[in-house]
Amino acid sequence: MKGWMGKIKALALMSFMAVLLTGCGKENLTALVPKGYGAEESMKLIILTTVIMGGVFLVVIVVLAYVLIRFRRKKGQENYIPKQVEGSKTLETIWTIIPIILVIIMAVPTTLISFDLADASDSKDHINIDVTGNQYWWHFNYQDEDIQTSQDLYIPVGEKVYLNMISSDVIHSFWVPSISGKMDVNPENTNTMYIEAYEEGVYWGKCAELCGPSHSLMDFKVIVVSKEEYEQWVADMKNYDPEKDEPESAVAKEGKDLFEENNCMACHAIGSSPVEVGPNLTNFGNRTKIAGFKEPTKENLVDWLKDPEEIKPGNLMTGKYPQLNDDEAEKIAEYLMQLKVTDVTPESVNN
Ligand code: CUA
């Protein structure tokens, strides 16, 4: 009786988890609704492998059920020993060859697609972006345009975009489930992958390699805009001159002074400066999130500035500047929130 209760409990728990996990899918954070080339190719592989594995499962279950029923011990045959087939060459050959064929059917397209996605032979004719993974944020350098940005990656719809990926510290993995496959980001070599999005929208990106205590918070976004919007965004980002940009409000002006006094510029750049110890803040006011995953409100930013460790354990900003009081944090937040250089923002994108 006890054994049965355990089994029932386990079954109930599994059903509950299945229902719970199915609810986890967000439309712009799922490999099951592909909105880009890499994701679409991955989806084909998912279907192929699922069909093959489902087929194998079905065949095994049918054969097993047949054997269980057909060869049940019958009355009067208690001591009957059926024909022994151990070591049968025919059977051994069959169940060695069939799996090999199945593995080849899955391995060939997987290998072809992996090489295709990493093929950078025509990268010169397309947009090239250097991607750097850092504990726990992403830096993007648009090679040809000399634009530096962090966390929000803007790309045009329907165009190949080449990503040259490296890490500044440990191994991370770049993954935008709706658009691309995964690519490891290593400290010692550059990996290349191209992405192509089919629809405009804001897509969630994740770090898919355990990289430290805030690994699960190492989120970013890919913002897919029309070609015209992309050109506008590039022009606005290129033309932005931080020297000429004075905050309008008095509070933001004080915030800017505090930002400079606390030496924030040692790690953070505004404009296309090559400093990338910390995230580039040029279009901070347009960001989809604060610290990668918090809603972009001033309150959240104040909390972050006052105690980043509380929000993102293990981040490298903690302890790099004097403790801010409420007033100072408010003013710096006011300054950062008004750093908006373009009208092409995640909100302007058709979602
Ligand atoms: Cu970076 Cu996990």
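Some notes on this structure:
- Computed magnitude of the charge dipole of the chain (debye, nearest 20; Cβ of K, R +1, Cβ of D, E -1): 3700 debye
- Nearest-ten-degree value, helix 2-22 long axis tilted from longest Cα axis of the chain: 40 degrees
- Between the amide H of residue 205 and those of 220, 221, 222, distances stay under 5 Å, these residues lying 5 or more places away or on another chain, with hydrogens modeled in the peptide plane.
- Given the chain, longest segment not containing exposed loop chymotrypsin sites (Phe, Trp or Tyr not before Pro) (DSSP; at most 15 other Cβ within 10 Å): 81-351
- ³J(HN,Hα), Karplus 6.51/-1.76/1.60, whole Hz, each residue of the range 170-181, x for Gly, Pro: 9, 6, 10, 9, 8, 8, 10, x, 6, 10, 9, x
- Prolate/oblate/rounded call for the range 76-196, Cα gyration tensor, a/c under 1.5 rounded: prolate
- Mean separation of Cα contacts under 8 Å, 6 or more apart, over the residue count of the range 264-351: relative contact order %: 30 percent
- Among 182, 227, 160, the residue with the largest mean-square fluctuation in a Gaussian network model of the chain, with springs joining Cα atoms closer than 10 Å, is 227.
- Tilt relative to the chain, helix 37-70 - C-alpha long axis, 0 to 90 degrees, to 10: 20 degrees
- Computed on the range 123-351, with alpha-carbon pairs under 8 angstrom and 6+ residues apart, the relative contact order is 21 percent.
- Projecting the Cα atoms of 4, 313, 250 onto the dipole axis of the chain, where Lys and Arg carry +1 and Asp and Glu carry -1 at the beta carbon, places 4 farthest toward the positive end.
- For residue 292, nonlocal amide neighbours, meaning residues 5 or more places apart or on other chains whose placed amide H falls under 5 Å from its own, do not occur.
- Set 253/340; 227/256; 35/221; 227/294; 124/244; 221/340 screened for pairs whose C-alpha atoms are more than 26 Å apart: 227/256; 227/294; 124/244
- Crossing angle, helix 89-118 versus the chain [Cα axis fit, 0-90 degrees, rounded to tens]: 10 degrees
- Fluctuation leader among 90, 318, 111 - the chain, Gaussian network, Cα springs under 10 angstrom: 90
- Ranking 153, 335, 213 by Cα position along the charge dipole of the range 123-351, where only Lys, Arg, Asp and Glu carry charges on their C-beta atoms, puts 213 farthest toward the positive end.
- Local electrostatic count at residue 179 - Lys and Arg +1, Asp and Glu -1, tallied over other residues with Cβ under 10 Å: -2
- Over the chain, dividing the summed -39,500 (n - 2.57) contributions of all DSSP H runs of at least 4 residues by the number of residues returns a 222 nm mean residue ellipticity of -13000 deg cm²/dmol.
Just so you know, all these numbers are worked out from the coordinates, no wet-lab data involved. Note that the coordinates shown come from a computational prediction; the quantities given were computed from them, not determined experimentally. Methodologically, a virtual Cβ is constructed for each residue, glycine included, from the backbone with ideal geometry; neighbour enumeration extends over all protein chains shown.
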